[in-house]
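Worksheet for the structure shown next.
The values are calculated or read from the model by the stated rules, or taken from the named source; none is laboratory data. Treat the numbers as computed from the prediction; the structure is a model and nothing was measured. Reconstructed Cβ throughout: ideal geometry from the backbone, glycine too, with neighbour counts over all protein chains shown.
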Amino acid sequence: MAYRIAIIVGSLREGSLNRKMARAICKLRDDNLDCSMVEIGDLPLYNQDADATPSEQVVRFRQQVAPVDGVLFCTPEYNRGVPGVLKNAIDIGSRPYGQSVWDKKPAAIVSVSPGALGGFGANHQLRQACVFLNMPVMQQPEAYFGHVTDDSFQQNGELADGSLKDLVTKVAHAFHDWVDMIHRSRQALAEDAAHAAQQKEHA
């Protein structure tokens, strides 16, 4: 079955490598992932005082994330950490307290860089936040894509043939399987609980 996936990019630059990677992943239609980009550049800085009267941009963002089956983060690394714009979006989605749109959503994290480390620091910092947000994050394959340049992409936005495309395709397939496993497991647990309740009622 196809799963609805929100792709959130941690860079505002139109020509960013992570934005190009996110768009390339969106083109991998054989993975049964119905992907859509959720923009974060127009979100105001998180302020708890605004929880009761959220802006139109905050309402839009939360409404786009809430119904999806999973979240794919594509982020660069700024100063060995997550870009501020992405952390702000995470904070906005997590509040008000008890109303997080992230809760229980399976996730994967892709970090892209022209450097050798592939955004390793940002990738793992984001994983820490996802643990607190109660988001089960795909562990393998890890996706730190280093030495990525504009030449890694074709003019139509797809990845150029080669080892990088093979790796990204592998990650996309694995993410589908991860989301599928999480949702099927939860469905099975719910069915078992319902069955147990029925047996108890008729005991």
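Scanning for something among the polar types (S, T, N, Q), out of contact with any strand residue (DSSP E or B) (no Cβ under 8 Å at 6 or more places or on another chain) and without any contact (Cβ under 8 Å) to a residue 60 or more places away in the chain, does region 175-194 turn up at least one residue?
Step one: of region 175-194, the residues among the polar types (S, T, N, Q) are 185, 187.
When the remaining residues are screened for being out of contact with any strand residue (DSSP E or B) (no Cβ under 8 Å at 6 or more places or on another chain), the result is 185, 187.
Going one step further and asking which of them are without any contact (Cβ under 8 Å) to a residue 60 or more places away in the chain, we end up with 185, 187.
The answer is yes; a qualifying residue exists.
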Region 38-71, residues that are under 18 Å from residue 105 (Cβ atoms) and either in contact with a Cys (Cβ under 7 Å, 6 or more places away or on another chain) or among the small types (Gly, Ala, Ser) (or both): 66, 70
Filtered residue count, region 103-125, keeping only those that are in contact with a strand residue (DSSP E or B) (Cβ under 7 Å, 6 or more places away or on another chain) and under 18 Å from residue 66 (Cα atoms): 4
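Going through 67, 44, 96, 76 one at a time, which residue ends up being over 26 Å from residue 181 (Cβ atoms), in contact with a strand residue (DSSP E or B) (Cβ under 8 Å, 6 or more places away or on another chain) and not β-branched (Val, Ile, Thr)? If you could, list the steps in order and put the result at the bottom.
On the way: 67 fails: over 26 Å from residue 181 (Cβ atoms); 44 fails: in contact with a strand residue (DSSP E or B) (Cβ under 8 Å, 6 or more places away or on another chain); 96 fails: in contact with a strand residue (DSSP E or B) (Cβ under 8 Å, 6 or more places away or on another chain).
Only one candidate passes the filter, namely 76.
Give the number of residues within region 97-120 that are without any contact (Cβ under 8 Å) to a residue 24 or more places away in the chain and under 8 Å from residue 145 (Cα atoms).
Residues meeting the conditions: 0.
Do any helices (runs of 4 or more DSSP H) entirely within region 8-114 hold 2 or more residues that are at pLDDT below 95 and buried (at least 22 other Cβ atoms within 10 Å of the Cβ), and if so, which? Show your work before the answer.
On the way: elements: 17-26, 56-65, 84-94.
Correct list: 17-26.
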The listed residue being closer than 24 Å to residue 26 by Cα and in contact with a helix residue (DSSP H, G or I) (Cβ under 9 Å, 6 or more places away or on another chain), out of 92, 109: 109
Single unsatisfied condition, residue 150 versus (1) in contact (Cβ under 8 Å) with a residue 12 or more places away in the chain; (2) closer than 23 Å to residue 34 by Cα; (3) touching a helix residue (DSSP H, G or I) at 6+ places or on another chain (Cβ under 8 Å): (2)
